[in-house]
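Colleague: Mind having a look at this structure? Questions to follow.
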Amino acid sequence: MTVDTVDRRPNRLQPPLIFGTAILTLMLITALLPQFVAPYDPTRFDYHATLAPPSLAHLFGTDMYGRDILSRILWATRIDLQIAVFSTVGPVIVGTLIGTLVGYYGGFADIVLNRLVDVVVTFPFLVLVIGIIAILGPGLTNLYIAIGLVDWVFFARLARAEILVQRRLDYAHAARGLGYGPARIIFRHLLPNAIGPIITYWMTDMALAILLGSSLGYLGLGAQPPLAEWGALIADGKNFMATAWWITVFPGIAIVVAGFGFSLAGDGVADLLRRRE
Amino acid sequence: MTKRLLEVADLTKGFVTRGADGRIAQLKALRGVSFTLDRGETLGIVGESGSGKSTLARSVVRLIEPDGGSIRFDGTDARRLSGRERSQFNRRVQMVFQDPYSSLNPRMTVRAALAEAIGVHRLRPPAAVDGRIAELLDLVQLPQEAAERYPRDFSGGQRQRIGIARALAVEPDCLIADEIVSALDLSIQAQIINLLLELQARLDLAILFISHDLRIVRHISHRVGVMYLGEIVETGGAEQVFADPRHPYTQALIAAAPTLDPGRRGRQEAVHGELPSPIDLPAGCSFASRCVHVMERCLTMPPALLSVDRTRAARCYLTENAAPPALREKSP
């Protein structure tokens, strides 16, 4: 008897994953080494070229102080990528852990978590985060804290649901029947099988975090000047919309491209995990 | 070493559900099930779906906590065990599952799954684990290269072999096989059954073989128990029970079993009437509503498990005196 060799593994990477990871990789390089990518110092004033429209010297034009928009957008990548990662990494870990334990053990903790989820989803996310920042004060660190306080609930809900499915499968029963301890069953058996949708949601959540970070930056509650941040850049240009559209439009496009990158990568990862099952 | 390995007495288990009228009710899945199992012996449990077979299997390995009754394993009360002793009990009584697709962790190679089982119970020094895995693969007749593969690379029959290898990895005394071949093709079924018989002979395993397939149970079992609505309604040696069934339900089951001889194939219905709801059981014998021999007292008082002879018993008033002639004619 031979092992049958139907290969169900993906042998070809799909376009969404390729495009998504390409965008994210470029963003990452830019974020790590903006001084090599950006043509100008993003904080240098140039009073000879204020509000200059896009030209060969300044591809995306300049703002009211003559700062190069392209350079500011590229430097802002660092801040916005930071927002994407720093504001979600805590919620992913804490939420997944709580959701996993609640899903496995159930009981009173399950009731508490579900009511908490009900409360949190009742409020619009942005309103809740603004409310917390109103208490903590503006700034990036407080932005991370504010998002973290709310966001973990969604990961907990997702992890709980996934674990509930996994723990009813026979392999989980088999692990119990083999005399394995709960820590081994949860972290070596159930979690690896439940983590796929969580990673996928994390990708989407990072896109949402960038949107949220730029919204708050626009409102002046996120990154503080002179830090370049896409939402803050848009806010800079809002008074010149009629005369210097390039100050607002190009950072807006940057946000769209970043969101697109995360979404495509998330889709690609989800697809990859599905076909590996 | 005593021969008697497992002694289950009066096991009961109810599940809380919502009845047809929307009220919360109890579904009685096990209603006082008792049996014994010796080393090297196979006890077959047959019954329709919904008769409590799987609940029984899962209760014995303590995946489900029964409401009442006792499980004695090798002289100790298995229901009282905790901690290390519980883990040892779990090791010695292994379950093989029905669905070969969900019973293996999709993210673990065969080697990882077997090594984990061996490692957790410290059955081999680390250096000897690989040798033991090779031995286990031989035992279940899988090629050595199977070790590096994931469950998705295997067919149903091969996965079931992996499930058996995983159970054997912890060197159990007793296997609980819950419908382990019902998801497989007929030819693969035979291979798995023969493998099980071979392993039993080599390892002196006690096997609780649960199935709805009468032919397989007859082939593999030394003794059988027939389950109906959470009760064992007839027990005895496999050949005796199948050749000369005493309980009307067993008779009906055997009469309804498909035969390979087309000339004898009938269109006859096995049992008339509806299966009573396990939520709302009748006062008397639970088979009374479908029984062709029903008597007045069957409707008011449920019969006990009455001995037919030294090894056989049936939960039917007809067994009190030898079976009446009418009954004799029906049996093959």
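Colleague: Among the residues in the range B:88-101, are any over 30 Å from B:Ala304 (Cβ atoms), among the polar types (S, T, N, Q), in contact with a helix residue (DSSP H, G or I) (Cβ under 9 Å, 6 or more places away or on another chain) and open to solvent by less than 30 Å² (accessible area, probe 1.4 Å)? It would help to see each step written out before you state the result.
Modeller: Applying the first criterion (over 30 Å from B:Ala304 (Cβ atoms)) to the range B:88-101 yields B:88-92, B:94-101.
After this cut, where a residue has to be among the polar types (S, T, N, Q) as well, the list is B:88, B:90, B:94, B:98.
After this cut, where a residue has to be in contact with a helix residue (DSSP H, G or I) (Cβ under 9 Å, 6 or more places away or on another chain) as well, the list is B:90, B:94, B:98.
Filter once more, keeping what is open to solvent by less than 30 Å² (accessible area, probe 1.4 Å): B:90, B:94.
Looking through the range B:88-101, at least one residue is over 30 Å from B:Ala304 (Cβ atoms), among the polar types (S, T, N, Q), in contact with a helix residue (DSSP H, G or I) (Cβ under 9 Å, 6 or more places away or on another chain) and open to solvent by less than 30 Å² (accessible area, probe 1.4 Å).
Colleague: Open to solvent by less than 50 Å² (accessible area, probe 1.4 Å) and either assigned to a helix (DSSP H, G or I) or at negative phi (or both): is that true of A:Arg160 in this structure? I'd like the intermediate steps shown before the answer.
Modeller: Numbers: open to solvent by less than 50 Å² (accessible area, probe 1.4 Å): yes; either assigned to a helix (DSSP H, G or I) or at negative phi (or both): yes.
When the stated conditions are applied, A:Arg160 passes them.
Colleague: Another question, then. Out of (1) of a type in the set (Phe, Trp, Tyr); (2) under 19 Å from the mean Cα position of the chain (by Cα); (3) buried (at least 17 other Cβ atoms within 10 Å of the Cβ), what's the single condition that is false for A:Phe19?
Modeller: A:Phe19 satisfies every listed condition except (3).
Colleague: Could you check, for the range B:77-87, whether at least one of its residues is within 23 Å of A:Pro182 (Cβ to Cβ), more than 10 Å from chain A (Cβ to nearest Cβ) and in contact with a strand residue (DSSP E or B) (Cβ under 6 Å, 6 or more places away or on another chain)?
Modeller: yes
Colleague: Which of the residues spanning the range B:261-318 are at pLDDT below 75, in a loop (DSSP other than H, G, I, E, B) and more than 15 Å from B:Tyr249 (Cα to Cα)? Spell out the reasoning first.
Modeller: In the first step, residues of the range B:261-318 are kept if they are at pLDDT below 75; the result is B:261-274.
Still in the list and also in a loop (DSSP other than H, G, I, E, B): B:261, B:265-274.
Matches in the range B:261-318: B:Asp261, B:Arg265, B:Gly266, B:Arg267.
Colleague: Another question, then. Are any residues in the range B:138-155 open to solvent by 30 Å² or more (accessible area, probe 1.4 Å) and out of contact with any Leu (no Cβ under 7 Å at 6 or more places or on another chain), and if so, which ones? Full working, then the answer.
Modeller: Step one: of the range B:138-155, the residues open to solvent by 30 Å² or more (accessible area, probe 1.4 Å) are B:138, B:141, B:144-145, B:148-150, B:152, B:155.
Matches in the range B:138-155: B:Asp138, B:Glu145, B:Glu148, B:Arg149, B:Tyr150, B:Arg152, B:Ser155.
Colleague: I need a count of the residues in the range B:163-180 that are open to solvent by less than 10 Å² (accessible area, probe 1.4 Å) and part of a helix (DSSP H, G or I).
Modeller: Taking the range B:163-180 and keeping what is open to solvent by less than 10 Å² (accessible area, probe 1.4 Å), we get B:163-165, B:167-170, B:174-178, B:180.
Subsequent filtering for residues that are part of a helix (DSSP H, G or I) retains B:163-165, B:167-169.
So the answer is 6.
Colleague: Go through the range A:135-154 and give me each residue that's touching a residue at least 12 places away in the same chain (Cβ under 8 Å) and either more than 22 Å from A:Asp80 (Cβ to Cβ) or not small (Gly, Ala, Ser) (or both). Quick ask: steps written out before the conclusion?
Modeller: Let us first name the residues in the range A:135-154 that are touching a residue at least 12 places away in the same chain (Cβ under 8 Å), namely A:138-140, A:143-154.
Listed by number, the residues that qualify are A:Pro138, A:Leu140, A:Leu143, A:Tyr144, A:Ile145, A:Ile147, A:Leu149, A:Val150, A:Asp151, A:Trp152, A:Val153, A:Phe154.
Colleague: Is it the case that some residue within the range A:101-115 is surrounded by 21 or more Cβ atoms within 10 Å (Cβ to Cβ), of a type outside the set (Gly, Ala, Ser) and more than 27 Å from the chain's Cα centre (by Cα)?
Modeller: no
Colleague: May I ask you to list the residues in the range A:27-39 that are in a loop (DSSP other than H, G, I, E, B) and either open to solvent by 70 Å² or more (accessible area, probe 1.4 Å) or out of contact with any helix residue (DSSP H, G or I) (no Cβ under 7 Å at 6 or more places or on another chain) (or both)?
Modeller: Here is the first cut: in the range A:27-39, the ones in a loop (DSSP other than H, G, I, E, B) are A:33, A:38-39.
Listed by number, the residues that qualify are A:Leu33, A:Pro39.
Colleague: Take the residues in the range B:50-70 that are away from every other protein chain (no Cβ under 14 Å) and buried (at least 19 other Cβ atoms within 10 Å of the Cβ); name whichever of them is farthest from B:Phe209 (Cα to Cα).
Modeller: Filtering first and then ranking leaves B:Pro66.
Colleague: Just to be sure I understand, how many residues within the range B:69-89 are assigned to a loop (DSSP other than H, G, I, E, B) and not hydroxyl-bearing (Ser, Thr, Tyr)? Spell out how you get there, then give the answer.
Modeller: Initially, the range B:69-89 is screened for residues assigned to a loop (DSSP other than H, G, I, E, B), giving B:74-75, B:81-82.
Now drop any that are not not hydroxyl-bearing (Ser, Thr, Tyr), which leaves B:74-75, B:81.
Residues in the range B:69-89 being assigned to a loop (DSSP other than H, G, I, E, B) and not hydroxyl-bearing (Ser, Thr, Tyr): 3 in total.
For every residue, the table says whether it meets (1) free of Cβ contacts under 8 Å to residues at least 12 places away in the same chain; (2) farther than 23 Å from B:Leu203 by Cα; (3) among the aromatic types (Phe, Trp, Tyr).
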position: B:Tyr101; (1), (2), (3): no, yes, yes
position: B:Leu114; (1), (2), (3): no, no, no
position: B:Pro125; (1), (2), (3): yes, no, no
position: B:Tyr150; (1), (2), (3): no, yes, yes
position: B:Phe154; (1), (2), (3): yes, yes, yes
position: B:Arg159; (1), (2), (3): no, no, no
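Colleague: Another one. Would you point out which residue out of B:Glu231, B:Glu198, B:Glu135 is open to solvent by 10 Å² or more (accessible area, probe 1.4 Å) and either within 12 Å of chain A (Cβ to nearest Cβ) or touching a residue at least 12 places away in the same chain (Cβ under 8 Å) (or both)? Even if it seems obvious, please write down each step before you answer.
Modeller: Details: B:Glu198 fails: either within 12 Å of chain A (Cβ to nearest Cβ) or touching a residue at least 12 places away in the same chain (Cβ under 8 Å) (or both); B:Glu135 fails: either within 12 Å of chain A (Cβ to nearest Cβ) or touching a residue at least 12 places away in the same chain (Cβ under 8 Å) (or both).
Matching residue, one of B:Glu231, B:Glu198, B:Glu135: B:Glu231.
Colleague: Return the residues of the range A:207-231 that are open to solvent by less than 20 Å² (accessible area, probe 1.4 Å) and closer than 14 Å to A:Thr77 by Cα; say none if nothing qualifies.
Modeller: Passing the criteria: A:Ala207, A:Ala209, A:Ile210, A:Gly213, A:Ser214, A:Gly217, A:Ala223, A:Ala228, A:Glu229, A:Trp230, A:Gly231.
Colleague: Give the residues of the range B:105-131 that are under 23 Å from B:Asp185 (Cβ atoms) and at pLDDT below 95, sorted by residue number.
Modeller: Keep residues of the range B:105-131 that are under 23 Å from B:Asp185 (Cβ atoms), which gives B:106, B:110.
Selection gives B:Pro106 alone.
Colleague: Also, quick follow-up: Among the residues of the range B:90-111, which ones are more than 8 Å from chain A (Cβ to nearest Cβ), in a helix (DSSP H, G or I) and under 22 Å from the mean Cα position of the chain (by Cα)?
Modeller: B:Arg92
Colleague: Now, a different point. Look through the range A:160-196, keep the residues that are aromatic (Phe, Trp, Tyr) and facing chain B (nearest Cβ under 7 Å), and return whichever of them is farthest from B:Pro172 (Cα to Cα). Show your work before the answer.
Modeller: Of the range A:160-196, the ones aromatic (Phe, Trp, Tyr) are A:171, A:180, A:187.
With the extra rule that they be facing chain B (nearest Cβ under 7 Å), the set shrinks to A:171, A:180.
On the way: A:Tyr171: 18, A:Tyr180: 15 Å.
In this case the residue turns out to be A:Tyr171.
Colleague: What are the residues in the range A:55-94 that are assigned to a helix (DSSP H, G or I), touching a Ser or Thr at 6+ places or on another chain (Cβ under 8 Å) and within 13 Å of A:Tyr40 (Cα to Cα), if any?
Modeller: A:Ile69, A:Leu74
The values are calculated or read from the model by the stated rules, or taken from the named source; none is laboratory data. All of these numbers come straight from a predicted model, not from anything done at the bench. Neighbour counts are summed over all protein chains in view; Cβ atoms, including those assigned to glycine, are modelled from backbone coordinates with ideal geometry. Accessible surface is based on the protein model in full, side chains and every heavy atom, while ligands, DNA and RNA are left aside. Shrake-Rupley method; radii C 1.70, N 1.55, O 1.52, S 1.80 Å.
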